[in-house]
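A short write-up of the structure that comes next.
None of the figures in this text is laboratory data; all of them are computed from the coordinates on show. Fair warning: this is a prediction, and the values are worked out from it, not measured in the lab. Glycine gets a Cβ as well: all are built from the backbone with ideal geometry, and neighbour counts include every protein chain shown.
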Amino acid sequence: MPVENNGEKTPYGVNNQHQDRKKAICVTLTQPDNPVRVECNTTDEILSLIQDAKIAWVDFMVSDIEGEGEAIATRLGFGPNLVSVLIKGYYSSYEDRDTELGLVVPNVSVEKLEVTVTPLLILMRKGLIVTLHKGTSRRLLKFSRYANTFMRKMPPETTWQDALTIVLTRILDENNSRNFDHLREIEEQADELSRDLMDPRTPRTKIGPEIYNMKHALITYMNALWATLDVLDSLRYGDAELLTDNAKLLRRIGILADDVNRQLSLSEHMSEVLASGLEVLQTIYNNQLQMLNNRLSLVVTWLTIVGTAILIPNTLATIYGIPAISEHIDWHFTIWTILLTSILSAIVTFYYFKWRGKIPTSSEHYD
């Protein structure tokens, strides 16, 4: 039934104030070698297309997965609470009800170091597979453009279970490929972070948040891949009634799982490279701090020498400044005495500190 949405009744919970914008793509195969691809705005159109189809795929783009998705699923003949049960999962979900099957796989998008994970719902019943995803651009747009050609290549003797499995694996493969592409974005940001770390002029207050954001982005991405792997394992070992028993077709799901495992290995390797690189850069930073500390120690040492050297002349000047003594001493004698004691004190102090090893060489400070 139509659903109320901001005072307007819509076919499946979507506000259709812009009727020229199609909300769904429907690809059906009713007769062999004659698939049909249609862009629709109402579920009534879709129901008339899939009524006699051997296999049909419908892709919906919605703004509210739970509200609109529930309305769509009910209208297309799925259980009333299938969507609400599925979206409770963490990134992924699997619900097998014999006559219908529901999946949730993560839809990953990366902008700089902002990793966003949204659900991609896949609902299946006999001869029908429905995908629902959130956003303004279609996640499966590339596949939808040649889905009719893809279905046309199915052999005429293909059963609806085989056809459903074939389309499902192709949708999962397309989603995985889109997810894998975003690892490149994370790698590019890691390269920029390394460049900032190598620049000594980069503020340290900027480096800390960037390192955290990089690690958080990588962890979020890997969590999404692990969630995808959980769904693929459920499909492989769940023995769903709606899917085929053809071992050759089921091996495709295993291949998808292998692809995810390889991507996880790449992500973990990237994490290790990032961690080792950060350790090297931290060592360089510590060396720079040590060099600065050595320079400061050198300055302090020479200030100590200077302070010690002027201690005796300063004491003599203080004594000669006493009126009772200065009246009986010629000022020439006072000047020469202070000058000579300053030179002798500097020489004696320098060699004393050098003998004690308190004066570092230049190689100790700047190498």
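Here are some notes:
- Under 14 Å of direct C-alpha separation, and excluding same-chain neighbours fewer than eight residues apart, residue 126 reaches these aspartates and glutamates: 52, 96, 98, 100, 162, 241.
- Additional length obtainable on full extension of the chain from residue 64 to residue 47, 0.36 nm per residue less Cα span: 4.0 nm
- In a DSSP loop and with at most 16 other Cβ atoms within 10 Å, the GluC sites (Glu not before Pro) in region 159-258 are 241.
- Label-point gap, in nm, between residue 315 and residue 30 - each point 7 angstrom along Cα→Cβ: 11.4
- Our compactness index for region 209-251, the C-alpha radius of gyration over the empirical 2.2 N^0.38 Å, is 1.80.
- Of 23/112; 23/142; 112/142; 23/153; 23/88, those spanning more than 19 Å from alpha-carbon to alpha-carbon: 23/112; 112/142; 23/153; 23/88
- FRET efficiency for residue 272 and residue 343, using Cβ-Cβ distance with R0 set to 45 Å, rounded to 0.05: 0.15
- Candidates per chymotrypsin sites (Phe, Trp or Tyr not before Pro) in region 144-212, loop by DSSP, up to 12 other Cβ within 10 Å: 146
- If the chain linking residue 141 and residue 215 were pulled fully straight, counting 0.36 nm for each residue of separation and taking away their Cα-Cα distance, it would gain 23.6 nm.
- Theoretical FRET efficiency, 1/(1+(r/R0)^6), r = Cβ-Cβ of residue 306 and residue 114, R0 45 Å, to 0.05: 0.20
- Share, in percent, of DSSP beta bridges within region 3-282 that are antiparallel, nearest 5: 85
- Alpha carbon centroid spacing (whole Å) that separates region 245-262 from region 89-114: 18
- Loop-located trypsin sites (Lys or Arg not before Pro) in region 32-89 (DSSP state other than H, G, I, E, B) with a sparse environment of at most 15 neighbouring Cβ atoms within 10 Å: 88.
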